[in-house]
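Each remark here refers to the structure printed beneath this line.
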Amino acid sequence: MILAHVNSLECERFPLEKFLEVARDILRNNGVSSPVIVDESLKVRENAVICDALRRLGARFVPVSTGRDKTLAQRVGLDDLGFYDEIRPSSLRVFDSPIDLMTRSWPTPLVKINLRGISAKTVVYVKLEGLNPFSMSVKDRVGWYMLINGLSAGKRKILYEATSTNTGLALTLVGNILGFKSRLYIPRPVQKTSEAILRIAGAGVVRREDKSLTVEMIEDVDLLARAEGGIHLNQFENDFNFEVHLRYTAKELDLQLKSVGARPLAIVGGLGTSGHLSALSFYFKSKYGDDVKVVGAQPAPNTSIQGIRRVESGMKWVKYVAVDRIIDVEPSQAVEAVRRVAETNGLLLGPSSGAVIYALQRAYEEGIIPDERGAIVAISPDMGVKYGEYFLNVMNK
Ligand code: PLP
């Protein structure tokens with residue numbers, strides 16, 4: 001057996017279900033036990049799906065063999081496969097480009113906070129995705145990854161996307177760098193100030209007053225993109241949305257918790273496309289088992305919290321993973337949680353982060369999250385400074 005650099009092999013891309021099956025085994029076993037069988041010129045002959053899974057998970061090396069042996073004498077661990085190598089922050093924060101600023105600022109910060117009612121043996125961390133540089137949200141990862149993997153679709157074309165702001169902003173700004181224009185479709189509840197931000201960033205913006213959710217516009221956006229020769233990357237269906245979080249967000253969090261010796265007890269997040277929470281659930285439950293609880297936050301019926309929506313409105317990746325509890329959150333409860341975190345910890349989070357904090361406290365009170373020594377992680381999609389208009393509306397109700 002030898003280790004081949006992943007870029008030296010041509011790995012066919014398998015359907016999501018097959019990839020997940022093999023990725024789950026790799027994470028559960030903390031490595032691989034079977035080599036990819038190649039010929040003399042490194043052409044993949046067998047176990048191509050292992051090659052695909054390691055590449056999609058971001059490993060640097062693939063164990064290969066030209067022999068007939070289907071198993072390795074010894075399991076090759078994730079560390080030896082260079083699984084964690086791609087997380088390499090710039091320590092003195094000097095960057096070659098704005099995209100380098102994003103990727104080499106990863107991991108996004110993981111910050112210990114104090115929350116009322118959580119016992120002293122349990123530590124709560126918040127992962128601040130709002131400190132990404134473009135949309136200042138979790139969606140920078142998605143915009144970037146969908147774009148770099150979709151570049152063959154043709155530069156200088158127009159990107160069409162239904163968005164509640166953050167994905168659209170990320171696609172527009174990263175797209176500006178890579179040579180794309182964008183046309184974004186936003187539903188009625190999106191704040192007016194968000195529309196202004198999208199336009200200043202360079203996007204064409206169409207507000208659909210007849211739609212209350214982004215998902216309700218997907219079909220129309222798809223038809224328009226086809227008719228007008230544009231590209232619809234479609235964050236709701238595009239597996240690169242889920243995969244970027246599996247490859248980076250989850251791996252980062254794993255490394256971060258390991259670095260402080262914290263056992264993951266629970267991960268709490270919001271559900272929009274379900275990309276980030278599904279990937280985190282898949283990664284942590286595969287690697288550490290079902291004892292790691294996963295809790296999702298959704299807006300209470302007939303209410304709106306920008307960026308998240310109700311699971312029954314239909315989302316792709318959450319169907320492939322386990323979520324232990326989904327908690328309804330009223331806008332007033334989300335905003336009150338934002339206020340409390342600001343008051344007790346000095347961090348001003350966005351409304352969907354407020355919903356996440358509220359859900360975390362509810363799941364802990366209900367006993368879904370065990371009262372044990374370890375860490376609960378709240379994923380904060382973005383910060384509060386973008387949401388003056390929304391806060392005002394909720395506070396005035
Ligand atoms: N919160 C905010 C502010 C968002 O913009 C989004 C997604 O757009 C989410 C939460 C949900 O993230 P995901 O689409 O990964 O489920």
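Would you mind checking which residues have amide H under 5 Å from VAL294's amide H? H placed 1.01 Å from N; only 5 or more apart, or other chain.
Those qualifying (amide H under 5 Å, at least 5 residues apart or on another chain) are ILE267, ASP324, ARG325.
Between LYS121 and LYS43, what length comes free when the chain is fully extended (0.36 nm per residue of separation minus the Cα-Cα distance, one decimal in nm)?
Extra length from LYS121 to LYS43 when fully extended: 22.9 nm.
Which one of ASN302, ASN166, ASN176 has the biggest mean-square fluctuation once the chain is modelled by GNM with Cα springs under 10 Å?
ASN302
Residue by residue, what Karplus-based ³J(HN,Hα) values in Hz, rounded to whole numbers, does the stretch 110-123 have, using 6.51, -1.76 and 1.60 with θ = phi - 60° and x for Gly and Pro?
Rounded to whole hertz, the list is 10, 10, 6, 10, 9, 10, 4, x, 9, 5, 5, 7, 9, 9.
Using modelled backbone amide H atoms (1.01 Å from N, in-plane), which distant-in-sequence or interchain residues come within less than 5 Å of LEU271's amide H?
ALA297, ARG309
Tell me what the chain gives for mean residue ellipticity at 222 nm when only DSSP H runs of n ≥ 4 count, each as -39,500 (n - 2.57), the sum divided by the residue total, rounded to 500 deg cm²/dmol.
The per-residue figure over the chain is -10500 deg cm²/dmol.
Against the longest principal axis of the chain, how steep is helix 218-227, in degrees 0 to 90 to the nearest 10, with axes from Cα atoms?
The two axes meet at around 70 degrees.
For the stretch 28-130, just say rounded, prolate or oblate: build the C-alpha gyration tensor, square-root its eigenvalues into a ≥ b ≥ c, call rounded for a/c under 1.5, and beyond that prolate if a/b exceeds b/c, oblate if not.
Oblate shape, in that a/c is at least 1.5 and b/c is the bigger or equal ratio.
For GLY350, list long-range residues whose amide hydrogen, built 1.01 Å from N in the peptide plane, is under 5 Å from its own amide hydrogen.
ASP382, MET383, GLY384
Which of the residue pairs LYS127/LYS287; LYS43/LYS70; LYS157/LYS211 have a Cα-Cα distance greater than 23 Å in the structure shown?
Listed pairs above 23 Å: LYS157/LYS211.
The stretch 342-392 to the stretch 273-335: how many Å between their Cα centroids?
So the separation of the two Cα centres works out to 13 Å.
Using θ = phi - 60° and the Karplus form 6.51 cos²θ - 1.76 cosθ + 1.60, what ³J(HN,Hα) does each residue of the stretch 28-37 get, whole Hz, x for Gly and Pro?
Along the stretch 28-37, the couplings run 4, 8, 6, x, 10, 10, 10, x, 7, 7 Hz.
Arrange the following residues from fewest to most other Cβ atoms within 10 Å of their Cβ: LEU92, LEU57, LEU115.
Ordered from fewest to most neighbouring Cβ atoms within 10 Å, LEU92, LEU57, LEU115 come out as LEU92, LEU115, LEU57.
Considering the dipole of the stretch 1-92 built from charges on the beta carbon (Lys and Arg +1, Asp and Glu -1) around the Cα centre, which of GLY77, PRO63, LEU27 is farthest to its positive end?
The residue sitting most towards the positive pole is LEU27.
By how many nm would the segment from ARG188 to ASN396 lengthen if fully extended, with 0.36 nm per residue of separation less the alpha-carbon distance?
Full-extension gain reported as 73.0 nm.
Expressed as an acute angle from 0 to 90° and rounded to the nearest 10, what is the orientation of the C-alpha long axis of helix 166-178 relative to the principal long axis of the chain?
Here the helix axis deviates by roughly 60 degrees.
Sort out for me the Cα centre separation of the stretch 75-128 from the stretch 163-213, rounded to whole Å.
28
Rounded to whole Hz and in sequence order, give me ³J(HN,Hα) for the stretch 246-255 from the Karplus expression 6.51 cos²θ - 1.76 cosθ + 1.60, θ = phi - 60°, writing x for Gly and Pro.
5, 7, 10, 4, 5, 4, 4, 4, 4, 5
Bear in mind that the values in this text are calculations on the coordinates, not laboratory data. The shown structure was predicted, so the numbers you read here are calculated from the model rather than taken from an experiment. Glycine gets a Cβ as well: all are built from the backbone with ideal geometry, and neighbour counts include every protein chain shown.
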